[in-house]
Amino acid sequence: MLRKIFFITLFLIIKLTSAITVKVFSGPDIEPFEELIAKQRQNQFSQFPYLMDQGEEFEKFYASAYTHALTGALAIAYTDDESIAGFLTGMSLEEFDALWVPYNCELISQKINGKLNPSENYYLGDVIVLEKYRGQRIADTLFKALEEHASQHTFKSASFITIIRAENHPQKPTGYKNPLKVWQRLGYTKSGCIVTYNWPTRQLDNLKNFQLEDNPCDIWVKDLRD
């Protein structure tokens with residue numbers, strides 16, 4: 001009961017200070033937002049640092065996975081005029097890893113097994129804040145909402161991945177801000193494990209050209225019981 005009261009109080013403080021309201025959707029309620037997820041992922045992840053373009057059909061498949069996952073959830077940040085400022089997706093790590101088994105990908109659960117219990121881990125898939133709303137710590141609010149959602153569904157830890165790119169990467173834009181401090185501020189730490197995904201990666205010699213490459217990613221984890 002105390003935990004519930006604390007969350008409501010925190011929610012109201014966030015609402016009053018940032019004029020942002022976060023709503024969490026799950027299961028079939030995510031379906032109306034699949035196009036949003038697919039479109040924003042394709043737009044955002046084609047840019048540095050991911051430099052990825054999986055194609056429209058793949059993005060539609062990926063977005064629908066959250067609708068059909070038993071543990072799928074979507075946190076959406078709304079402004080006072082009901083405009084969408086950003087979102088964060090999530091599902092159990094077990095269900096997320098199951099998506100990639102047909103593709104013979106490395107699995108996050110296998111990489112972090114021994115550091116934490118993968119069956120009790122909730123995977124936070126994609127956090128995207130629309131450009132004009134950035135700088136307001138909306139990502140913090142989204143993470144807190146889905147972490148609370150995961151905790152209420154008995155998950156004991158959370159995880160996500162970030163791409164590893166060299167500091168002097170030739171496609172790194174001027175003024176790029178590494179989100180490292182954001183993840184640390186939210187209480188996440190690098191697990192020390194790396195998972196590699198193969199995806200079409202933008203080539204420097206022709207920015208419209210994407211070629212399949214292995215892309216190493218750090219796995220970040222957080223104990224939700226702290």
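Read-outs throughout are calculated quantities, based only on the coordinates presented, and are distinct from any laboratory measurement. Keep in mind it's a predicted model, so treat the numbers as computed, not measured. Cβ placement follows ideal geometry from the backbone for every residue including glycine, while neighbour counts extend to all protein chains displayed.
Of note:
- Simple label model, 7 Å out from Cα along Cβ direction - Phe58 to Asp223, nm: 3.7 nm
- Long-range tail of P(r) for the stretch 39-176 (Cα pairs > 22 Å, %): 44 percent
- Under 17 Å from the Thr154 label point (7 Å along Cα→beta-carbon), backbone N, the stretch 83-107: 92-95
- One decimal place: the segment Gln171-Asp80 gains 29.1 nm when fully extended, by the rule 0.36 nm per residue minus the C-alpha distance.
- Stretch gain in nm, segment Ala19-Asn117, where the contour uses 0.36 nm per residue and the Cα spacing is subtracted: 31.6 nm
- For peptides 68-81, 87-100, sequence by mean Cβ density within 10 Å, most packed first: 87-100, 68-81
- Violating pairs (Cα-Cα greater than 18 angstrom) within the set Lys115/Lys177; Lys144/Lys222; Lys39/Lys144; Lys156/Lys181; Lys23/Lys190: Lys115/Lys177; Lys39/Lys144; Lys156/Lys181; Lys23/Lys190
- Across the stretch 111-176, the fraction of Cα-Cα pairs farther apart than 20 Å, rounded to a whole number, is 49%.
- Rounded to 10°, Cα long-axis angle of helix 138-152 versus longest principal axis of the chain: 70 degrees
- In plain terms, the chain from Asp140 to Gln211 could stretch by 22.2 nm, reckoned as 0.36 nm per residue minus the Cα-Cα distance.
- Residue-wise HN-Hα couplings along the stretch 64-79, as the Karplus relation 6.51 cos²θ - 1.76 cosθ + 1.60 with θ = phi - 60° gives them from phi, are 5, 4, 6, 5, 8, 5, 4, 10, x, 8, 9, 9, 10, 9, 10, 7 Hz; Gly and Pro carry x.
- Burial order of peptide ranges 147-159, 190-202 (average beta-carbon count within 10 Å, highest first): 147-159, 190-202
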